[in-house]
Amino acid sequence: MREELQSNYDTRAASLWKNILEILKSKISETSFRTWFSPTKGVSLLEDRIIVEAPNPFWIEWIEEHYLSVINETVKGLGLNIEVVFRPAPKKDPEKKKKSSPIIYTPGPRLNRRYTFESFVTGKSNEFAYAACVAVAKSPARQYNPLFIYGGVGLGKTHLLQAIGNYLYEKRKNLNIYYTSAETFMNELINAIQKRKTVDFKLKMRKIDVLLLDDVQFLADKEMLQEEIFHTFNSLYDADKQIVMTSDRPPKHIYSLEERLVSRFQWGLVVDIKPPELETRIAITKRKMMEERLYLPEDVVLFIAKNIRSNVREIEGALRRLKAYISITEADINLDIAKDVLHDLIKSEERVTIEEIMDAVAKEFGITSKILRSKTRKKEVALARQIAMYLARNIVGMSLKGIGTFFGGRDHSTVIHSIEKIEEMRTNPKISTVLRRIEARLKKL
């Protein structure tokens, strides 16, 4: 009986952790999720805690240092009063390891098979980018080379980039397709240098037929990486190979990007993806519901589409949260329940003004809004101003020029530098805590 009870708890732990991960996936980058959370699993559920196994102590230390607050926030959002406790997975028996099946490597690029042109929902905000990607997939290196796609977080850039790869992998298996993020590219380059295999790395890059490079904004301030990208770009372009890139901003607005790279990135077609309009958001919500095998009443669908305006990933996060709620409570979702379950997510999407951001930042740092807009360069004021500029860009959606004008006529390059600096510092525990406190103040407005 005891063994049966423990088995039941193990099953519940695995299911609950899976639900937590589904929501967590929408809150952190895909690369970080795949790297740190995919190997974890829920193994035991007690009254006040869930035990989660991770590969080793280093893994646990990293997760607890960088992601514990967002994990706790996710658990709290599900209405659960439990603690997530990590422990190292037991080491495998060497004898058992010898008898296990060999690892089979699947040929082809590192692509998410769900990211296809068929599963991409189009509307006025993204139809030009979609059409350009389809044209590139059907005739690589014939037109739009390079193709540069830019837009805000969670609007479908990575989906379109991988859709090109998936289409070509199915239709043109003879092509050498290489999908990677700029950060992964850099890590592979550093690894090659450390192992004295730089020549092999360069030869590998030169054999690519289609390069799909994600998150190009990561190149900012990285001279060695920019140098290697420059030579790879030239080699592939001169050999009539297709290059497609994505970024959260156009080439000329990527801080500290060499002029020669800016020029090359703009040789072909530069196209943007804007936040989706209401009709497209409704269609996206219904598409994601179908993928999640989730049924929601029409008024709930409309509620989600009306209130989550700027980010498709937030829509996915909302649906995963509702799905997790159904899984835990076994209750049907109606509008009142949806409003309650999603209240903090919807609240964060409500319109916030630049003045409200200024007040929240000023209170956090114990200064006045007037000082934030002044010319003073005191260290604490400079940091507060950079955070205010970052939030003005990411929450209010102000243009770089608009932010510069608001903050006393500052040059757009100064604004870009401020935004980039805070983006890089987000993983710093002190800065992430400050940002959470400011965002909490804004949600209470």
Item to check | Alpha carbon centroid spacing (whole Å) that separates the stretch 266-280 from the stretch 282-357 | outcome: 24 Å
Next on the checklist: Relative contact order for the stretch 37-84: what percent, with Cα pairs under 8 Å and sequence separation of 6 or more?
Outcome noted: 36 percent
Checklist outcome for this item: Going from the fewest other Cβ atoms within 10 Å to the most, one would list His66, His343 as His343, His66
Checklist entry - Assuming R0 = 41 Å, what is the FRET efficiency of Gln143 and Ala440, from their Cβ-Cβ distance, to the nearest 0.05? => result 0.25
Checklist entry - When Lys25, Lys18, Lys222, Lys430 are ordered from fewest to most other Cβ atoms inside 10 Å of their Cβ, what list results? => result Lys430, Lys18, Lys222, Lys25
Next on the checklist: Please arrange Thr368, Thr232, Thr40 by how many other C-beta atoms lie within 10 Å of their C-beta, fewest to most.
Outcome noted: Thr368, Thr40, Thr232
Next on the checklist: I'd like to compare 156-169, 188-201, 412-425: which one has the highest average count of other Cβ atoms within 10 Å, and what's the full order after that?
Outcome noted: 156-169, 412-425, 188-201
Next on the checklist: Starting from 0.36 nm per residue, how many nanometres of slack lie between Ser263 and Arg87 once their C-alpha separation is accounted for?
Outcome noted: 58.4 nm
Next on the checklist: Eigenvalues of the Cα gyration tensor times 5, then square-rooted: what semi-axes does that give for the chain, in whole angstrom, largest first?
Outcome noted: 34, 32, 24
Item to check | Rounded if a/c under 1.5, otherwise prolate or oblate - the stretch 127-273, Cα gyration tensor axes | outcome: oblate
Checklist outcome for this item: One can check that the equivalent ellipsoid of the stretch 12-89, built from the alpha-carbon gyration tensor with semi-axes equal to the square roots of five times its eigenvalues, has lengths in Å, largest first, of 17, 15, 11
Checklist entry - Ratio of Rg to Rh for the stretch 376-445, alpha carbon only, Kirkwood? => result 0.96
Item to check | More than 23 angstrom apart: percent of Cα pairs within the stretch 240-337 | outcome: 46 percent
Next on the checklist: Between Glu188 and Leu80, what is 0.36 nm times their sequence separation minus the Cα-Cα distance? Round to one decimal in nm.
Outcome noted: 34.9 nm
Item to check | Average projection area in nm² (convex hull over Cα atoms of the stretch 288-349, one quarter of hull surface) | outcome: 3.8 nm²
Checklist entry - What is the calculated FRET efficiency for Asp238 to Phe128, with r their C-beta to C-beta distance and R₀ = 35 Å, to the nearest 0.05? => result 0.80
Checklist entry - Say each of Asp332 and Arg293 gets a label point 7 Å from the Cα, pointing the same way as Cα to Cβ; how far apart are those two points in nm? => result 2.0 nm
Item to check | Inter-part distance where the stretch 131-197 and the stretch 40-80 are each reduced to a Cα centre, Å | outcome: 33 Å
Checklist entry - For the stretch 274-387, what D do you get in µm² per second when you plug the Kirkwood radius from alpha-carbon pairs into Stokes-Einstein at 25 °C and 0.890 mPa s? => result 150 µm²/s
Item to check | R0 of 41 Å, Cβ-Cβ distance Arg110-Thr368: FRET efficiency to nearest 0.05 | outcome: 0.25
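The numbers here are math on the coordinates, done by the rules we state, and not lab data. Bear in mind the structure is a predicted one, so any value in this text is a computation, not a measurement. For neighbour counting, all protein chains shown are included, and Cβ atoms are generated from backbone atoms with ideal geometry for every residue, glycine included.
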